[in-house]
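The values are calculated or read from the model by the stated rules, or taken from the named source; none is laboratory data. All values reported here derive from a predicted model rather than from experimental measurement. Reconstructed Cβ throughout: ideal geometry from the backbone, glycine too, with neighbour counts over all protein chains shown.
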Amino acid sequence: MIYRTFDRVCQEQKPSPEEKKQLRQTYTKKSRRVLWLALVVCFGVLCCCKFTGRVLSIVNRTAGSSLALDVIVPLGVSYYTFSSAGYLLDVYWRKIEPEHSYPRLLLCMIYFPHIISGPISRYEKLLPQFDMLTTPSYDRLCMGLQLMLWGYFKKLVIADRLAIFVNDVFGHIGENAGMIFLVALVLGAFQAYTDFSGCMDIVEGASEVLGIQLETNFKRPFFSRSAAEFWRRWHITLGNWFKDYVYVPVTTSSLTRKLRRKASKRFGPNGGRVVMTVIPLGTVWLLTGIWHGTGMNYVVWGLYWGFMIICSTLFEAQYRALAKLLHIDTERRAWHCIQTLRTFGLYAAGLLPILAGGLRGALHAVRQTWYFNPWIFWDESLYAHGLNRRNFLLALLSIVFLMIVESMQERTNVRRLVARQYIVLRWAVYLAGIFAVILFGIYGPGYDAAAFIYEGF
C-alpha cells in the first residue's frame, strides 16, 4: 500500500529526479517500519506459542513444584506464520502485488487441508487457484481419493504401527541395551517418513478433489544420494522458504560480504568461500532446528545437518578426487546404492537425540548400542515392545511394499499407471488398498491414535 501511494504521488506531482529519490527514501523507511512491526507481531506470537511452555516448565522445575502446566497452542501456527511472513516480504520486495481483500488473503493463509502440517504455500501460487475453481469431476475425484488412500496406508498401517515399537524402546531407554536401539532407530526413520509423507498425500489428495494443486512437499527422499539432495526432497516447501527468506538475505547482507572480503584478504579465495558457505548454511540450519523444537536436542539436530551439508559443499572437489584415487566408478549403480544407504544412515543417526527425548537419553543409547546382542533377532525379544510377531512382520512387509512402490515412482507416475488400467484391475487395486487400511490399520477402541508428527511443529 505504501509503495502504491508512492507511485500515485509520483504520477500526480511529477517530481524531479532528486525529489523522487528523496520521496522513495521516505516511503521506503515507512514501509520498512511497517514490515518490521508486522514481522515482530507474526514471529512474536510464534515464539510465545513455542517457548512459553518450555519457560514455564523450567520455572516450575526450578521452584520444585510438581504442578502440571499445559499451554494451548493454535493448530498449525508455524505454517501460517511462515506463509504470512513470506507474503509480507514478497510484497515489501515488490515481487507480488498486495491483496486488498482480507477475506481472500485469510483464505490463502488458513486453507484448511494444509493448516496442520503444511505444505507452506505461497500466496501467488495458491490464491489464483481459488478464482479458477471448476465443477467437480469424476477423474479428479478418483485421483484425489487414490492419493488420500495411499496416505492413509502410510499413516495407519505403517507409521502408527511402527510408533508403538519405537515409542516403547525409547520410552524405556534405561531398560534396553544393544542392537534393539539400532532396530528402533531404523524403524523410527521409516515412521517419521511415512507419518509426514502420508499426511502430505492426504492433504494433496483432498485438495485435488477440490481442484486445488498444492506444492509438492515430498519427493521420495530415501532415494537421495547426498545430505543436500535429501533435504531438497524432504519438506520441500520449508527448505524453499528458508532459502528465499533466510539463506539469500544472509548471503547478500552487507555483514556477510564484509566478512567474506576480510577472509579473502587474509586467507585467499578459499577463505571467502568458507565464509559464504558456513554463515548462511549455519544460520539456516540453526533456525531449522529451533523451528522443529525448543530443546537442545533439536538445536543439536539442526547443527548436525548443517555440519553435514557444509562439509559436503566445501569438500566436494576433495570427495571427487578421493573417489578417483580409489578407482571408484561413481556412475555405477552399486555406488549409487551405497550413497543412498549412507544418506539413510545419516538421517537415522540424526534422529537419535529426538527419538531419545534429549541429549542425555541419546548418549545413553549410544553407549548401550556397543553391547553386541544379535540374539534379539531369534529369541523373541523383538516382540516384547508392543508389537507381536504378526504385527512386527506386517510392519516389515509394509515397508518393503512401500519401497517397491517408491522405486517405481522414481521411474514413472504410478498413480497415472494405475488409472490407465482396465476398470476391473483398477478397482481391484483400490479395494485392496481400502481393505488393507481397514484390516491392518492401527485404530479402534482402547487405542490412542498418534497425532501427525509435524503437527507439533
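Scanning region 33-49 turns up one or more residues that are modelled with pLDDT of 80 or more and over 21 Å from S83 (Cβ atoms).
Taking the criterion of being in contact with a Ser or Thr (Cβ under 8 Å, 6 or more places away or on another chain) and either not in a helix (DSSP H, G or I) or not aromatic (F, W, Y) (or both), the residues of region 178-203 that qualify are G178, M179, I180, L182, C199, M200, V203. The residues of region 102-127 that are closer than 14 Å to Y87 by Cα and free of Cβ contacts under 8 Å to residues at least 40 places away in the same chain, listed by number, are Y102, R104, L105, L106, L107, C108, M109, I110, E124, L127.
If you go through region 249-277 and keep only what is in contact (Cβ under 8 Å) with a residue 12 or more places away in the chain and within 32 Å of the chain's Cα centre (by Cα), you end up with V250, T251, T256, L259, R260, G272, R273, V274, V275, M276, T277.
Tell me yes or no: at least one residue of region 244-260 is on the phi < 0 side of the Ramachandran plot, in contact with a His (Cβ under 9 Å, 6 or more places away or on another chain) and in a loop (DSSP other than H, G, I, E, B). Walk me through it before giving the result.
Let us first name the residues in region 244-260 that are on the phi < 0 side of the Ramachandran plot, namely 244-260.
Filter once more, so that each one left must be in contact with a His (Cβ under 9 Å, 6 or more places away or on another chain): none.
No, there is no match, as no residue in region 244-260 is on the phi < 0 side of the Ramachandran plot, in contact with a His (Cβ under 9 Å, 6 or more places away or on another chain) and in a loop (DSSP other than H, G, I, E, B).
So which residues in region 366-406 are touching a helix residue (DSSP H, G or I) at 6+ places or on another chain (Cβ under 8 Å), at pLDDT below 90 and hydroxyl-bearing (S, T, Y), if there are any at all? Within region 366-406, T369, S381, Y383 qualify.
Is it the case that K219 is closer than 30 Å to L402 by Cβ and either at pLDDT 90 or above or outside the structural domain of G144 (by TED's automatic domain parsing) (or both)? Yes. Reported count of residues in region 313-346, each being within 28 Å of the chain's Cα centre (by Cα), aliphatic (A, V, I, L, M) and within 29 Å of N270 (Cα to Cα), is 2. Test A321 against the criterion of being part of a helix (DSSP H, G or I) and out of contact with any helix residue (DSSP H, G or I) (no Cβ under 8 Å at 6 or more places or on another chain), and give yes or no. Here the answer is yes, as A321 does meet what is asked.
Every residue, every condition in (1) polar (S, T, N, Q); (2) under 29 Å from Q368 (Cα atoms); (3) buried (at least 24 other Cβ atoms within 10 Å of the Cβ), yes or no:
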{"residue": "A163", "(1), (2), (3)": "no, yes, no"}
{"residue": "A184", "(1), (2), (3)": "no, yes, yes"}
{"residue": "G188", "(1), (2), (3)": "no, yes, yes"}
{"residue": "C199", "(1), (2), (3)": "no, no, yes"}
{"residue": "I202", "(1), (2), (3)": "no, no, no"}
{"residue": "G211", "(1), (2), (3)": "no, no, no"}
{"residue": "E215", "(1), (2), (3)": "no, no, no"}
